1. Restricted to region B:315-351, and to residues that are within 13 Å of chain A (Cβ to nearest Cβ) and more than 21 Å from the chain's Cα centre (by Cα), which residue is most open to solvent (accessible area, probe 1.4 Å)?
2. Give me the residue from region B:1-17 that is of a type outside the set (A, V, I, L, M) and at pLDDT 85 or above and, out of that set, nearest to the ligand (Cβ to nearest atom).
3. Step by step: first the residues of region B:174-210, then only those that are within 16 Å of the ligand (Cβ to nearest atom) and open to solvent by 80 Å² or more (accessible area, probe 1.4 Å), then the one that is farthest from the other protein chains (Cβ to nearest Cβ). Which residue is that?
4. For B:P230, state whether it is surrounded by fewer than 18 Cβ atoms within 10 Å (Cβ to Cβ) and touching a His at 6+ places or on another chain (Cβ under 9 Å).
5. When you go through B:V195, B:V148, B:V216 one by one, which is the residue that is assigned by TED's automatic domain parsing to the domain that holds B:A112 and under 30 Å from B:P319 (Cα atoms)?
6. Scan region B:387-395 and give yes if some residue there is modelled with pLDDT of 95 or more and within 14 Å of chain A (Cβ to nearest Cβ), otherwise no.
7. Here are some residues: A:W188, A:W157. Which one is under 30 Å from B:H347 (Cβ atoms), in contact with a strand residue (DSSP E or B) (Cβ under 7 Å, 6 or more places away or on another chain) and in the same structural domain as A:N62 (by TED's automatic domain parsing)?
Amino acid sequence: MPSYHLDHLAYLETEAVHVMREVAAEFERPALLFSGGKDSICLLRLAEKAFRPSDLPMPLLNVDTGHHFPELNEFRDRRASELGAKLIVRKVEDAIAAGVAVPTPGEISRNRLQIPTLLAAIEEFRFDCAIGGARRDEEKARAKERFFSFRDAFGQWDPKNQRPELWNLYNARVNPGEHMRVFPLSNWTEMDVWEYIRRERLEVPRIYFSHRRLAVRRGGQWLPVTDLLPPKPNETVRELVVRVRTIGDIISTGLVESPANTVDDIIAEIAAARVTERGSRADDKTSEAAMEDRKKAGYF
Amino acid sequence: MLPGSHPIDILRFNTCGSVDDGKSTLIGRLLYDSKNLMEDQIEALERSADITGGGQINLANLTDGLRAEREQGITIDVAYRYFATPRRRFIVADTPGHVQYTRNMVTGASSANLSVVLVDARQGVIEQSRRHTYIAALLGIPHVVIAVNKMDLVDWSEARFREIREQFEAFLPRLNVLRDVKFIPISALNGDNVVDPSPRTPWYEGPPLLRHLENVHIASDWNLEGLRFPVQWVNRPHAPRDPALHDFRGLSGQLAGGIVRAGDKVLVLPGGLRSTVRQIHTFDGPLAEAFSPQSVTLLLADDLDVSRGDMIVGADHLPGVGSDLRAKLCWMHQKPLVRGRKFWLKHTTQTVQAVVTTLESRINIATYDEEPDPPQLLLNDIGAVRLQTSKPLVYDGYAQNRLTGAFILIEPGTNLTVAAGMLQPPAELYKPEYTDFAI
Ligand SMILES: Nc1nc2c(ncn2[C@@H]2O[C@H](COP(=O)(O)OP(=O)(O)O)[C@@H](O)[C@H]2O)c(=O)[nH]1
């Protein structure tokens, strides 16, 4: 007798495909945020599952901070062209030059500056929806996020004024100037993402796997030494065998010492891991409310 | 087995209880004792314990996400938590227990397989417990666990546990849709009967909570009787490079009920057109059959004019088709609902206009009494209403199918979701024009 029951990945997949198709059906000008990171790689596969044999009914959009790992941008561009998808890249440095994004004196990180850059891109193309790869398990403030997350005309998220979300009935209605962020991977965990990558045999950028890199120890973690992050006089540079677990800017992404060379290795490593994935991002450590503040301002 | 390739399926559950019954502590305990907490999370807990908790770790802090809540000291919305054991993955909707937050519980319960209703062993059944149980029944949650918490404060008394159980059993029959109800004596604070069996309740023979969550049978929670395929998106490639795709016209969607097989005769409702399923297309190749809740693309043998909002159904277990509807509503907005108001109504994949023509009754969810002809429904009220839609819906009673029996109301202008609706079974089922259809 056949078993009419879905395993956890198949369940998460059908849920996400349903969400993707709701976006295609309900919005006039949606975009899909694609960074080349593991979560957005899953999003692209889900888009193929939802829409093939048609072309993807939305362009890909990426905000380039100028501090990306070069491997990531190479991967992003190649993957978009393999899929025959339109890729729009908007750069933080252009937004700074145009006065759209204003760094505070001495601010090196471009994390915060992604926000105005993204909002400007949404305005420029009049996008009414942006699909993102955020997951609720990443962080406490995200645990209350909806699949369809409403943003007002200033791109802001109001955690106290969210639309209740019932069954699989998503309220996609927005007025002109407002938009929706949609998160098809809301219910996925880091483990699900890697298991899905394994099941679907998805290619991911090399930096997720073990490699040698020069690093310095700062704020309790190993950061990659680059032109943007030169070692301070009192710091010792070490060459380590590392991989990245979650990709942020090259100046704030913590490296984990790891021999993991395959997706199976990574899955084994996560199963045994003793810190969460965001534990390796310097930008999140600042305060427990850090994420909540950025989300309110319109962070991804 | 490959390392890390563990759970076989997903159980979604929600927790409900009054403020201070121990929901947050319980979820924290489940995460902590099932080793789903990471060092940095424990570290953050310890940091906040130093500041606020006088040095003691507060498991409840794990789930109290937003700053506003921490300031007010209460959970104000629905938060989702994730954890796994080697047997299952769990999605927990943490819903608050304040009287005025029925809306949140309905939200968290809408997609749950199971509800954990917490009661404080000292207080036993209170008005809130009756509300929570009512909502679990209203939302058609297949499995319910009554977790009698704080057993440490009643000396692990078996008599007290039985008494509370009897209090529940006195009114559960009035909610006859609840078929699977388990009672478990726990202490969330100390972890008794949460993950590990407790030595302090030798008189309790059932499993600890987590063991029950791992084993409860959920395979039949989806409706597999009667094909329901709401057309979500028409898949029609523009200018395909592959000439074989020139005539590709797929109907994409997620099965909301039943099983579909290639070769099945189907009806497209509400129009009533007939066809045959030529192929079940997926990105991974064609399937011989698909079942709810899979997402697929159907190719029909005939080139019919089918669009989003249409429903493809099979020959047996026909649904109702109509625009004069009766439903239970949970009202979720500050502004009261009065007769005659117009809304957008979203049901499966279609959005139509709807007007609430009659407020038949308001249900007192603490006494389960129905008050007829209420002048209005207030925020968090549940009532029975009649609605008229601008176009017919293809639907089932909510008790038969949670996906084709549910809808939401959206207020025009503000676009807020103002109500959750559960349809009563149709007075009559759709009758195909040709009786030979079933052959
Ligand atoms: N003695 C005892 N106290 C408990 C138990 N579970 C929770 N508490 C306490 O009850 C209070 C409220 O718990 P909390 O989890 O915040 O309740 P919530 O409002 O339902 O989330 C806290 O002080 C907990 O420490 C229990 O099993 N035994």
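1. Here the answer is B:Q334.
2. Within region B:1-17, the match that is nearest to the ligand (Cβ to nearest atom) is B:G17.
3. B:R200
4. Spelling it out, it is not the case that B:P230 is surrounded by fewer than 18 Cβ atoms within 10 Å (Cβ to Cβ) and touching a His at 6+ places or on another chain (Cβ under 9 Å).
5. B:V216
6. The answer is yes; a qualifying residue exists.
7. On the way: A:W188 fails: in contact with a strand residue (DSSP E or B) (Cβ under 7 Å, 6 or more places away or on another chain).
Every option except A:W157 fails the conditions.
Residues are listed down the side, and each one gets a yes or a no for (1) touching an Asp or Glu at 6+ places or on another chain (Cβ under 9 Å); (2) facing another protein chain (nearest Cβ under 7 Å); (3) assigned to a loop (DSSP other than H, G, I, E, B); (4) surrounded by 21 or more Cβ atoms within 10 Å (Cβ to Cβ):
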site: A:F150; (1), (2), (3), (4): yes, no, no, yes
site: A:D158; (1), (2), (3), (4): yes, no, yes, no
site: A:N171; (1), (2), (3), (4): yes, yes, yes, yes
site: A:L185; (1), (2), (3), (4): yes, no, yes, yes
site: A:W188; (1), (2), (3), (4): yes, no, yes, yes
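The values are calculated or read from the model by the stated rules, or taken from the named source; none is laboratory data. Because the structure is a prediction, the values reported are computed rather than measured. Heads up, the Cβs are rebuilt from the backbone with ideal geometry, glycines too, and the neighbour counts pull from every protein chain shown. With ligands, DNA and RNA removed, areas are computed over all heavy atoms of the protein, side chains included. Shrake-Rupley method; radii C 1.70, N 1.55, O 1.52, S 1.80 Å.
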